[in-house]
1. Which of the residues that make up region 352-376 are in contact (Cβ under 8 Å) with a residue 12 or more places away in the chain and more than 10 Å from ligand 1 (Cβ to nearest atom)?
2. Out of the residues in region 318-340 that are part of a loop (DSSP other than H, G, I, E, B), at pLDDT 80 or above and surrounded by fewer than 21 Cβ atoms within 10 Å (Cβ to Cβ), which is nearest to ligand 1 (Cβ to nearest atom)?
3. Take the conditions more than 16 Å from ligand 2 (Cβ to nearest atom), without any contact (Cβ under 8 Å) to a residue 40 or more places away in the chain and under 26 Å from A37 (Cβ atoms) and apply them to E250. Does it pass?
4. Restricting the search to region 188-231, which residues are assigned to a loop (DSSP other than H, G, I, E, B) and at pLDDT below 80?
5. State whether the residues of region 263-283 include one that is assigned to a loop (DSSP other than H, G, I, E, B) and within 14 Å of ligand 1 (Cβ to nearest atom).
Amino acid sequence: MEYRKLGRTGMTVSAVSLGCEHLQGKDYETVKTVIDAALDAGINFFDVFMSEPNVRSNIGKALKGRREKVIIQGHIGSCWVDGQYKVSRDINECVAAFEDLLDRLQTDYIDVGFLHFVDKENDWDTLEKSEVMQYALSLKEKGVIKAIGLSSHDPVTAKKAVDSGYIDVLMFSLNPAYDLVPKDRDMTEIFTEVIKGEKQDFSALTLEPARAALYRDCEDRGVAITVMKTLAMGTLLDAKRSPLGIALTEGQCISYALSRPAVAAVMVGMQRLSDVENAVKYWELSERERDHSEALASLGMFSSDGRCMYCNHCLPCPAKIDIAAVNKYLDLVELDKKPADSVSQHYTALGNTAETCLACGACETRCPFHVPVIKRMQRAAETFGK
Ligand code: SF4
Ligand code: SF4
């Protein structure tokens, strides 16, 4: 298992972690089996967004006596009202649901308290000034939560929330299909067309700028991303159902998500023992089996683009430059228009910076996305100096 920093929270989490959603509806023995296997495999990070009482109680019972072994994402605004799940911004419903979570998990703290399912800018605008936000802040002040998170599927809303400074961790839907959908197309529309068998024009796809900007912004601010929808509900594993028109493997999807800036963990939905075993098999795959870059490059969508995917498949570098990181910092300045001064501290911390590039070209022969690395190293050296 690989462990990663959960951004500026100071916590350390397993890079492949447990999304508990599918434990809903399962009996206690099944829940305990999955949790036991996850802990045995080194998974120390759980997402518990569900408001349904039984699954919360079963998880709490299964964790009894070992609460401190896990870092929990718990959600504020995921409520159980009239026997149904409800996304709520009503302060009374939110407080009742969060206290219920603490009670049923048999704990007096939740590591990251997530503002739940914020997908619209106006929802965030209202939420930011609401009693629910004040409640989250008061929980953090009292130490009942240690960090504030936000879950979202929308990059513009998520970026606005991240830029507010309140959000320490972002749970976001991230996979190659979502990232490569053009800005002016609705992703649901594209999935619907694919299901109907309508062909997509892959040559028109490129890295969606709002998403790319969100990931870099998170990295710049020390906001960790935890990933949901890694496999796009399994559609990416099937060429017929995938908007990309090719079948990726689970390992390639996980590898893609873990290679995005700021990503700390992928939350994999697990509902039976074999799901846990399957998820942790990721660490037994060879580099070649995990490699997503060749599959994506085969679509041809980046060939004229030359945009860095921050995958570091171009390493090793004789000057020991972290090429992906240098490219990320250069993009923050060139694409996101961040002042070079605000980024140069991160750049300098790399140690081996672009000035030491030998212009040997070894990286360019390995890069599947035809990135002109030597020129970019020159531009980074000019932009940041040292
Ligand atoms: S230059 Fe190419 S191989 Fe290197 S990190 Fe960027 S996309 Fe990956
Ligand atoms: S060209 Fe520069 S960055 Fe690329 S491998 Fe050679 S020294 Fe490293």
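The values are calculated or read from the model by the stated rules, or taken from the named source; none is laboratory data. Predicted model, so just to flag it, every value in this text is computed and none were measured. When we count neighbours, we look across all protein chains shown, and the Cβ atoms used for this are built from the backbone with ideal geometry, even at glycine.
1. Looking only at region 352-376, we keep the residues that are in contact (Cβ under 8 Å) with a residue 12 or more places away in the chain, and these are 352-364, 366-374, 376.
Passing the criteria: N352, T353, A354, E355, T356, C357, L358, A359, C360, G361, A362, I374.
2. At the first step, the residues of region 318-340 found to be part of a loop (DSSP other than H, G, I, E, B) are 318-322, 335-339.
Going one step further and asking which of them are at pLDDT 80 or above, we end up with 318-322, 337-339.
After this cut, where a residue has to be surrounded by fewer than 21 Cβ atoms within 10 Å (Cβ to Cβ) as well, the list is 318-320, 322, 337-339.
Working: P318: 14, A319: 14, K320: 14, D322: 9, K337: 21, K338: 19, P339: 23 Å.
Per the stated criteria, the residue is D322.
3. Details: more than 16 Å from ligand 2 (Cβ to nearest atom): yes; without any contact (Cβ under 8 Å) to a residue 40 or more places away in the chain: yes; under 26 Å from A37 (Cβ atoms): yes.
When the stated conditions are applied, E250 passes them.
4. As a first pass, look at region 188-231 and keep what is assigned to a loop (DSSP other than H, G, I, E, B): 196-201, 205-208, 222-223, 229-231.
Hits for region 188-231 are K196, G197, E198, K199, Q200, D201, L205, T206, L207, E208.
5. Going through region 263-283, the residues assigned to a loop (DSSP other than H, G, I, E, B) turn out to be 270-272.
Still in the list and also within 14 Å of ligand 1 (Cβ to nearest atom): none.
No, that holds for no residue.
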